[in-house]
Amino acid sequence: MLNYIWFILLAVGTVFAAYTGNMAAVTESALVAAADAVRIIIEITGLLCLWLGMLKIAEASGLVGLLAKLISPLAQRLFPDIPRQHPAFAAMVMNIAANLLGLGNAATPFGLKAMEHLQTLNDSPDTATPSMITFLVLNTSSFTFIPTLVISLRTAAGSSEPTEIIGATIIATACGTVFAVFFDRLLRRYYRRR
């Protein structure tokens, strides 16, 4: 659906530019935007490689494991029906830890692996379990302590203070995660009563 919306916006803009005689400006803007996109992608790729490398170092040094241990008691309360030794629990904790560090790209494989393991605990494979839904809510709202990708984008865009977004990100993602978990629990109770 989003592809159709973008296509309509571009088509209307192009037709309007042709009607008003501004096609040269549209062509120039398209070429400049394409060149900027390639430059930003190259810069972001380098920054993401740096941060993903830092995550690998953090994993090897045990920092991510320590973060996972700190998250583990909270995860146990959120997912009481998942045994702590089950592979799904470890994958979920690693996903949450990667999201805390703002590394959504690194969190995705852990999230997919967690869902795969959660499916093995599911009695009815065509229906999501409450743990799956809660995990999806947490993954989507993803409380972020260090917004690595946003910092990378701001750096690539030439921001003089790329890290000043950290405080706002912590507040926004914390509020989003708290409300997401609250509504997850509220809706779960509502549907159990029905």
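Read the figures in this text as sums done on the coordinates, not as results from a lab. Computed from a predicted structure; not experimentally measured. Note that we place each Cβ from the backbone using ideal geometry, even for glycine, and neighbour counts take in every protein chain shown.
Within the stretch 136-189, count every residue that is β-branched (Val, Ile, Thr) and either in contact with a Cys (Cβ under 8 Å, 6 or more places away or on another chain) or in a loop (DSSP other than H, G, I, E, B) (or both).
We begin by selecting, within the stretch 136-189, every residue β-branched (Val, Ile, Thr); these are 137, 140, 144, 146, 148, 150-151, 155, 163, 165-166, 169-171, 173, 177-178, 181.
With either in contact with a Cys (Cβ under 8 Å, 6 or more places away or on another chain) or in a loop (DSSP other than H, G, I, E, B) (or both) added as a condition, the list becomes 144, 146.
Residues that pass the stated criteria total 2.
Taking the condition hydrophobic (A, V, I, L, M, F, W, C), out of contact with any His (no Cβ under 7 Å at 6 or more places or on another chain) and closer than 25 Å to Thr155 by Cα, does Ile44 pass? Even if it seems obvious, please write down each step before you answer.
Numbers: hydrophobic (A, V, I, L, M, F, W, C): yes; out of contact with any His (no Cβ under 7 Å at 6 or more places or on another chain): yes; closer than 25 Å to Thr155 by Cα: yes.
For Ile44, the condition - hydrophobic (A, V, I, L, M, F, W, C), out of contact with any His (no Cβ under 7 Å at 6 or more places or on another chain) and closer than 25 Å to Thr155 by Cα - is met.
Just one residue in the set Ala68, Ala98, Ala107 is of a type in the set (A, V, I, L, M), more than 15 Å from the chain's Cα centre (by Cα) and either under 29 Å from Tyr191 (Cβ atoms) or not in a loop (DSSP other than H, G, I, E, B) (or both); that residue is Ala68.
Among the listed residues Asn22, Asn3, which satisfies the condition of being surrounded by 11 or more Cβ atoms within 10 Å (Cβ to Cβ) and out of contact with any strand residue (DSSP E or B) (no Cβ under 7 Å at 6 or more places or on another chain)?
Only one candidate passes the filter, namely Asn22.
Selection of the stretch 35-65 for residues being assigned to a helix (DSSP H, G or I) and of a type in the set (Gly, Ala, Ser) yields Ala35, Ala37, Gly46, Gly53, Ala58, Ala60, Ser61, Gly65.
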